[in-house]
Amino acid sequence: MNHEKTYHYEAFDTEHGPVIVEGPLPSEDLEKYTFNEGLTAFRPPEKQFEAIKGIADFEEGRIIIARHNEEIIGYVTYLHPDPLERWSEGNMEDLIELGAIEVIPKFRGYRIGSRLLRVSMMDEYMENYIIISTEYYWHWDLKGTGLNIWDYRKVMEKMMAAGGLTPSPTDDPEIISHPANCLMVKIGRHVSESSVEQFDKLRFLTRHQYRMRR
């Protein structure tokens, strides 16, 4: 695959000033901005900024950001699944993972998460991918939002729906370890039937491996 990337953006106003959602951006464009210190969900902000710049330079990597003036206040990442995850088995070129999405608390309430996903999908080339997101309740900001697990999942599902991702069954042990966890999936219009079949085997890899041993 060529992993073509076409830039798109959306601009809107908030009570804190204008926000631009844009991408995918290469690392040299990301370097022009500062990274808000409140983006701490996955690692310290300076390390996370380095991480997303690295992802931006992957052939398949995509970084969409939300920025207030010259400061990044939210982002979403896409890249091939981690080699340690079941989703990397088979080395599917047309399978990418929504690896992280984060918005600082000050700008929550403006549907920036949904806007990040919507701008991501403006690129027609995304229809060539199977896009997944593995949702684990222990990654959710329950304390910061004041929501319980099930209300948070409803919000998360609504946000993911803005990008066309919907819950999909799987027998992945981590996901089925708690009923609130889920696999979210979007299968692009141009994905081949053989890729869909290969992905279905990954979704139910435990069952498939058991059948193969019989």
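Some observations on this one:
- Residues that are under 18 Å from LEU116 (Cα atoms) and not in a helix (DSSP H, G or I), drawn from the range 142-187: ALA162, GLY163, GLY164, LEU165, THR166, MET184, VAL185, LYS186
- Conditions (1) outside any helix (DSSP H, G or I); (2) in contact with a Phe, Trp or Tyr (Cβ under 7 Å, 6 or more places away or on another chain): number failed by TYR110: (2)
- From the options PRO26, PRO83, PRO105, residue that is within 22 Å of MET184 (Cα to Cα), over 16 Å from the mean Cα position of the chain (by Cα) and surrounded by fewer than 17 Cβ atoms within 10 Å (Cβ to Cβ): PRO83
- Selection from the range 128-148 of residues that are under 15 Å from the mean Cα position of the chain (by Cα) and not aromatic (Phe, Trp, Tyr): ILE130, ILE131, ILE132, SER133, THR134, GLU135, HIS139
- In the condition set (1) in contact with a Leu (Cβ under 6 Å, 6 or more places away or on another chain); (2) without any contact (Cβ under 8 Å) to a residue 24 or more places away in the chain, GLU28 is compliant with all but (1).
- Some residue of the range 185-192 being of a type outside the set (Asp, Glu), surrounded by 16 or more Cβ atoms within 10 Å (Cβ to Cβ) and either modelled with pLDDT under 95 or over 14 Å from ASP94 (Cβ atoms) (or both): no
- Within the range 127-155, considering residues that are open to solvent by 50 Å² or more (accessible area, probe 1.4 Å) and in contact (Cβ under 8 Å) with a residue 60 or more places away in the chain, the one nearest to GLY109 (Cα to Cα): ASP141
- In the set ILE65, ILE72, ILE55, only one residue is crowded, with 17+ Cβ neighbours inside 10 Å and assigned to a helix (DSSP H, G or I); that residue is ILE55.
- Where ILE96 falls short, out of the listed (1) closer than 29 Å to GLU193 by Cβ; (2) under 16 Å from the mean Cα position of the chain (by Cα); (3) open to solvent by 10 Å² or more (accessible area, probe 1.4 Å): (3)
- Residue tally, condition modelled with pLDDT under 95 and closer than 16 Å to ILE73 by Cα, over the range 112-140: 0
- Filter pass, GLY90 being at positive phi, within 17 Å of the chain's Cα centre (by Cα) and either in contact (Cβ under 8 Å) with a residue 12 or more places away in the chain or open to solvent by 60 Å² or more (accessible area, probe 1.4 Å) (or both): no
- Matching residues in the range 101-140 - criterion: being over 17 Å from GLU4 (Cα atoms), in contact with a helix residue (DSSP H, G or I) (Cβ under 8 Å, 6 or more places away or on another chain) and among the small types (Gly, Ala, Ser): GLY113, SER114, SER133
- Filtering the range 3-23 to residues that are charged (D, E, K, R), surrounded by 14 or more Cβ atoms within 10 Å (Cβ to Cβ) and in a strand (DSSP E or B) leaves GLU10, GLU22.
The values are calculated or read from the model by the stated rules, or taken from the named source; none is laboratory data. Predicted model only: the values in this text are computed from it and were never measured. Note: ideal-geometry Cβ built from the backbone for every residue, glycine included; neighbour counts use all protein chains shown. In case anyone asks, the SASA skips ligands and DNA or RNA and just uses the protein heavy atoms, side chains included. Shrake-Rupley method; radii C 1.70, N 1.55, O 1.52, S 1.80 Å.
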